[in-house]
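Heads up, the thing below is written out as structure tokens.
The values are calculated or read from the model by the stated rules, or taken from the named source; none is laboratory data. All figures in this text were calculated on a predicted structure; none of them were measured in a lab. Reconstructed Cβ throughout: ideal geometry from the backbone, glycine too, with neighbour counts over all protein chains shown.
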Amino acid sequence: MLNSTVEHVLKQSVVYSYMLSQPLAVYVDAYPVLQNKQLLEAEQLEYGEHGESVRVLQSKLNKLSYYDDEIDGDYGILTEHALKKFQAKYHLRMSGQADEETIDKLIEVEMKMYLDQIEELSDSIYPGLHNNDVKIVQKALSYFGYYTGEIDGIYGPLTKKALEIAEEEHDIELTEKVSKESLTTLYQSSKAETKKVKTEQQQTDNERKETEKEIKNVEKTGKNHSGVVQAAYSYIGTPYVWGGESPGGFDCSGFIQYIYSTQNITTPRTVPEMWNFATPVNSPSIGDLVFFETYKPGPSHMGIYIGDGKFIHAGQSNGVEISKMEYDYWQKRYLGAKRIK
């Protein structure tokens, strides 16, 4: 999924309607800012892999004159050799793998190539002009997906429209006068975007590792419906739907009933019915149900306890998610725990 800031930029661009009808492979080649995101999300690529991320890697290496073979998405010996040459040039570990450090440097070097071109700009860009300065501007605008036409050096309607959109989006003066400073600022905003994408990716990785760790803890215990907990984890992110009781959308009790049905366990449908059906316990163990009084008196919300003071449930704001019972909202509304035998 596109980072929200990148997506916002693209929605404002002249290419968005076109992109909606095309697969990612069609337009990712044209816009390095999208290529950067795809590589950052890939985290690491190595010999033997194949796919769109490998093709993006080959494209960047080709642009920087390290790779001159077919851009086919297959990470073969020539791709590995090209990457080793790049790593040697910038004093990186010559592993032949596109690891995090190498991907960061690749993005940085490519951006510097664009920035170096700006130094050739004469600050004399205006509508109707046809020269190399316009090409430099078009390449900069193309980097972000604002310009979709041919890099022909002609300051026509497409170039003008792209400058207007970029100016509005970044609050930089571009239509009256395109300068080295304004284009440099545009690229600097891309650096900030890259850092944001990387930070968000690291947060996602940490959350995934934490989830995997919690699932393993459940597997080790082997107690009280660990299969129920593991099934519940697989639906994290499913949207909340009032009355929902399928993977297309759940409400809180529909989620619980569905998860138990995957383990061939029949339960009541509503929260009050489940409260009366289950057996009370003094404190919850992994797989027990925890109940809360929310929008009306008595039990009106519930989730599955997963250990470490956390429970998984279908919440109205974020759908199926993990919450901490120690949070003030839940702590004040907690009614107790019960067990399905």
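You will find that of Thr262, Thr267, Thr279, the residue that is under 22 Å from Gln316 (Cβ atoms) and of a type in the set (Ser, Thr, Tyr) is Thr267 and no other. I'd like the residue in the stretch 226-272 that is touching a helix residue (DSSP H, G or I) at 6+ places or on another chain (Cβ under 6 Å) and part of a loop (DSSP other than H, G, I, E, B) and, out of all such residues, is modelled with the lowest pLDDT. Ranking the candidates gives Gln263 first. Within the option set Lys341, Lys324, being without any contact (Cβ under 8 Å) to a residue 24 or more places away in the chain and either more than 14 Å from Cys252 (Cβ to Cβ) or not acidic (Asp, Glu) (or both) holds for one residue only, Lys324. Condition check for Gly298 on (1) of a type outside the set (Val, Ile, Thr); (2) at positive phi; (3) loosely packed, with under 15 Cβ neighbours inside 10 Å; (4) in contact (Cβ under 8 Å) with a residue 60 or more places away in the chain: one failure, at (4). The C-beta contact set for the stretch 305-319 (first residue outside any strand (DSSP E or B), second residue of a type in the set (Gly, Ala, Ser) and surrounded by fewer than 15 Cβ atoms within 10 Å (Cβ to Cβ), distance under 9 angstrom, 6+ apart or interchain) comprises Asn318/Gly237. Would you please name the residue that is nearest to Gln35 (Cα to Cα), looking only at residues in the stretch 120-168 that are among the acidic types (Asp, Glu) and modelled with pLDDT under 80? Looking at the filtered set, the residue picked out is Glu120. A residue that is at pLDDT 90 or above, out of contact with any Cys (no Cβ under 7 Å at 6 or more places or on another chain), part of a helix (DSSP H, G or I) and farther than 23 Å from Tyr329 by Cβ cannot be found anywhere in the stretch 278-299.
Look at (1) part of a loop (DSSP other than H, G, I, E, B); (2) among the polar types (S, T, N, Q); (3) over 19 Å from Ala42 (Cα atoms) and you find that Ser95 fails only one, number (3).
Put simply, of Ile103, Ile118 the only residue that is within 17 Å of Arg55 (Cα to Cα) and among the aliphatic types (A, V, I, L, M) is Ile103.
Please tell me if Thr199 is assigned to a helix (DSSP H, G or I), of a type in the set (S, T, N, Q), surrounded by fewer than 16 Cβ atoms within 10 Å (Cβ to Cβ) and at pLDDT below 80. Spelling it out, Thr199 is indeed assigned to a helix (DSSP H, G or I), of a type in the set (S, T, N, Q), surrounded by fewer than 16 Cβ atoms within 10 Å (Cβ to Cβ) and at pLDDT below 80.
Note on the stretch 24-40: among residues that are in a helix (DSSP H, G or I) and modelled with pLDDT under 75, the one that is surrounded by the most Cβ atoms within 10 Å (Cβ to Cβ) is Pro32. The numbered conditions (1) surrounded by fewer than 18 Cβ atoms within 10 Å (Cβ to Cβ); (2) among the hydrophobic types (A, V, I, L, M, F, W, C); (3) part of a helix (DSSP H, G or I); (4) in contact with an Asp or Glu (Cβ under 8 Å, 6 or more places away or on another chain) are all true for Ala88 except (4).
Could you please let me know if Tyr114 is assigned to a helix (DSSP H, G or I) and among the aromatic types (Phe, Trp, Tyr)? Against the criterion (assigned to a helix (DSSP H, G or I) and among the aromatic types (Phe, Trp, Tyr)), Tyr114 qualifies.
Screening the stretch 121-141 for residues that are surrounded by 16 or more Cβ atoms within 10 Å (Cβ to Cβ) and outside any helix (DSSP H, G or I) and picking the one that is farthest from the chain's Cα centre (by Cα) gives Ile125. Put simply, of Ser53, Ser65 the only residue that is crowded, with 19+ Cβ neighbours inside 10 Å, small (Gly, Ala, Ser) and either assigned to a loop (DSSP other than H, G, I, E, B) or touching a strand residue (DSSP E or B) at 6+ places or on another chain (Cβ under 7 Å) (or both) is Ser53.
Go through Ile77, Ile118 for me and flag whichever is buried (at least 17 other Cβ atoms within 10 Å of the Cβ) and hydrophobic (A, V, I, L, M, F, W, C).
Of Ile77, Ile118, the one residue that is buried (at least 17 other Cβ atoms within 10 Å of the Cβ) and hydrophobic (A, V, I, L, M, F, W, C) is Ile118.
What's the number of the condition Gln58 fails, among (1) outside any loop (DSSP other than H, G, I, E, B); (2) surrounded by fewer than 18 Cβ atoms within 10 Å (Cβ to Cβ)? Gln58 satisfies every listed condition except (2). Scanning the stretch 319-341 finds one or more residues that are under 15 Å from Val229 (Cβ atoms), buried (at least 22 other Cβ atoms within 10 Å of the Cβ) and not charged (D, E, K, R). Exactly one residue among Tyr329, Tyr235 is free of Cβ contacts under 8 Å to residues at least 60 places away in the same chain and on the phi < 0 side of the Ramachandran plot, and that residue is Tyr329.
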